[in-house]
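A quick write-up on the structure given underneath.
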Amino acid sequence: MLVTRQTCLRAARTALAIWAAIVLTPAGASAHAFLDHALPSVGSTVHGSPGEVKVWFTQELEPAFSNLRVVDQNGAQVDKQNNALDPSDKAVMKVSLPNLPPGKYKVFWHVLSVDTHTTDGTFTFEVAP
């Protein structure tokens, strides 16, 4: 097989382009903060009122642009409106709850991750006597 100078240059350019794509692509560039798990668990029934809702996300959050809201079956907000990031884990957000009566509750979340992407969603839980 005959290897020409042109073939060598083409191979070198291709290798350089692949190397640059790997090295220069930021890690996690396409990552977003999605709900990982929560307490009370998504769709769960808990016996007795929980003291808080705590949500773990897949990425650290920007606290000024992230929030949790808990509403009852009538859509009235029932949390203490004190949502905050966990000081020891910036991917965890929590909000305190008063003593909730039995019923179904919906958690709304809207977060801005440190990669500047926003995500939002909802989940429910039920309080049983």
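The values are calculated or read from the model by the stated rules, or taken from the named source; none is laboratory data. Please read these numbers as outputs of a predicted model, since none were measured by experiment. FYI the Cβ positions are ideal-geometry reconstructions off the backbone, even for glycines, and counts take in every protein chain you see.
Taken over the stretch 69-105, the residue count meeting the criterion of being under 17 Å from the mean Cα position of the chain (by Cα) and loosely packed, with under 15 Cβ neighbours inside 10 Å is 5. Of the residues making up the stretch 57-65, not a single one is in a strand (DSSP E or B), under 19 Å from VAL46 (Cα atoms), of a type in the set (A, V, I, L, M) and modelled with pLDDT of 95 or more. When restricted to residues that are under 18 Å from SER49 (Cα atoms), polar (S, T, N, Q) and not in a strand (DSSP E or B), the stretch 66-80 contains 2.
Residues in the stretch 110-121 include at least one that is out of contact with any Leu (no Cβ under 7 Å at 6 or more places or on another chain) and within 14 Å of TRP56 (Cβ to Cβ).
Just give me the residues in the stretch 81-129 being within 16 Å of SER66 (Cα to Cα), part of a strand (DSSP E or B) and of a type in the set (Asp, Glu), in sequence order. Listed by number, the residues that qualify are ASP86, ASP89, ASP120. When you go through VAL53, VAL42 one by one, which is the residue that is aliphatic (A, V, I, L, M), in a loop (DSSP other than H, G, I, E, B) and over 12 Å from the mean Cα position of the chain (by Cα)? Result of the check over VAL53, VAL42: VAL42.
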